[in-house]
Each structure stands twice: as structure tokens, then as C-alpha cells.
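Take a look at the structure set out below.
Every read-out reported here was derived from the displayed coordinates using simple, explicitly stated rules and does not represent laboratory data. For clarity, every value in this text was computed on a predicted model and none was experimentally measured. Virtual Cβ from ideal backbone geometry, glycine too; neighbours counted across all protein chains shown.
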Amino acid sequence: MTALASIAAVPQREAFSGAGFTVLPRLFAREEIGWLADEARAIGLLHGRHADGTLSPEAPRGTVFGPHRHQRSFLDLALHPRLTARAGFGAAVRLHQTRLWPGGRRPVPAGVWCDGEAWQRLDGLDPAGAVTAVVFLEDAGPGAGLFVWAEGTAPRDRAAQATAIPASPMLLSLPAGSVVLIRPTLFHAVADGAAHPAPSLFFAGLVPDEPPRPLGRRRAPFVVELPVAAPRSDDCLWPTPYFVAG
């Protein structure tokens, strides 16, 4: 079994870079989450539409929303103590949304996310203090992975705020188990390489566990806010002996 850093050795807050995101290489061991990549592809095959039956204009077709509602392991991943500690929340966190991009699909349909913009417009949620955590469930091949636009920039073909400067994105091709923490105000998209399909990516929208600050009408059942009922153990993602036995 691969040795993992204990929570005590993990900093309690990870500062964003000047670009508005932070890369955490191999936060999870390959053996720890590799089986979730298979689960992601299975969910993608089972759900022709979004997992919770909702449609969202900011996501490319084929995105699965709410996978944590169907597979407990994705809930454990979204609220994993190693991840929430590095995101600066610890146990004081709420899960606003999860979505899944099942890997292996080609081509990736056009679609760019800006979580903060979507949460305000569709959910009436103030994204202040929130974080989007993107987990690479498998290795990203050359040219594939995650596109991220730096703070204050936007896709050239996107009608964005007047303060956003049209720019090209940065490509993050990371190994399995890596995590990218993104400010919700940043634009990002799944990247499909010329010779490699986009990897399976898991997205978790984390918000501070405090009284909500609604900006307007809230939608249901799209909005998902689950308090942390109890601290999860650091080894909660390892497959059980029952699972390994098939």
C-alpha cells in the first residue's frame, strides 16, 4: 500500500497563485482513486443525460451532474479531509455541486465553465469564499487534461465581463490523483488531445459552512448543499475487501 501524508502534515490552507488556481500534484495515490476512473466511465455509459436529470447550459453535453448521489465514493472524494484541508475548509464545508466528465469520449463537445457565474445566475448563490476542486481520476495524456484561463481573462469566443481580457488558456496535463483548486470566477474546460482523449475528471464545488447568502431565487433539485455529518477518515477511498473480491 502506498504511504500517504497524514492530515497533521498537510497545511490548513493553500494560497491561490496569481493566476487564480493552485495545482496539488498527486494529492491522492494512484492506487487510492484509480478504481474511481472505471466507476466514472461506467456512470458515463449508464447515464445518457445528467445523473440527477438536470440540464445545465454551462457544461458540455455528456457531463454527469450529481454523481455523489449515486456512488458514495464520489461523496467521500468531494469531502475528503485531505482535499478540504488544502482548500482551506477543514470540516467547516458544504458541498454545493458535483459533476463528472467520464474519460475516453472523443471529441469533447464545446463548453466552458465559470462556476461563480453559473451559481449566481442559476442557483442564486453567492460564490464568495467558494472553491472548485478538480480531481484527475486518471493520467492526462499529452495535449489532454484541463484548460484554465487566468484570473481576469476569458475565452476569445465568450461574451464575458468587460473587465475580462480575451486570452488563450493554460493547459494542465497532470497525473492521476492530482487536484487543481480553482477560484469560481475562473473559466475552465475539458481538454481533448490530438492523440489522447480527455481523462476522467471529477469536479466538486465547495462553499464555506455558514448561513447561505442567497442572491435570488434558488433552483431545486440542482442545488445540493450537504453538511459534513462527521469527519471522514483519511483512508475512506480505499476499496473495501468486498469490492476487491468482486
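Multiplying the residue separation of Ile165 and Asp235 by 0.36 nm and subtracting their alpha-carbon distance yields 21.0 nm.
With both labels modelled 7 Å from their Cα along Cα-to-Cβ, the Ala194 to Arg121 distance reads 3.3 nm.
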